[in-house]
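A.B. asks: My questions all concern the structure below.
Every number here is computed from the coordinates shown, using simple stated rules; none is lab data. As the structure is a computational prediction, the values presented were derived from the model and not from experiment. Positions of Cβ are backbone-derived with ideal geometry, glycine not excepted, and every protein chain shown enters the neighbour counts.
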Amino acid sequence: MQHWKKKHPEAGQAPGEGANEIYDPKEFVKLIVDGTPVGEVARYAFAKVRESLGRLGRPDVLANVLGRNRDLKKLICNPSS
């Protein structure tokens, strides 16, 4: 709430909790604990993020989702490596 008031004062009331949620990490943790390979979970999480960004009207943010993490990019984009 403090972030919203400080960084987005012109936008008025902050959205409700979960309104901008991209994914629930508990789902992915459970998959890993249950034995799903981490690479598979990472690709699934990335697909969920893409889906959520589209739903939130922010597909432009997708280009920065992976950031500069080369290992993560390799895992997501080249699953056989």
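A.B. asks: Give, as a single signed number, the net charge of other residues whose beta carbon lies under 12 Å from the beta carbon of F46, with Lys and Arg counted +1 and Asp and Glu -1. Write down the numbers at each step before the final one.
C.D. replies: Numbers: positive: R43, K48, R50, K73; negative: E40, E51.
Net charge in that neighbourhood comes out at +2.
A.B. asks: Work out, step by step, the length gained on full extension between K48 and D71: first 0.36 nm times the residue separation, then minus their alpha carbon distance; give nm to one decimal. Provide the component values of the computation, followed by the final result.
C.D. replies: On the way: separation 23, 0.36 × 23 = 8.28 nm, distance 1.92 nm.
So the chain would gain 6.4 nm between K48 and D71.
A.B. asks: If the reach is capped at under 27 angstrom between alpha carbons, list the lysines near K26, excluding any in the same chain fewer than eight residues apart.
C.D. replies: Qualifying lysines at Cα under 27 Å: K48, K73, K74.
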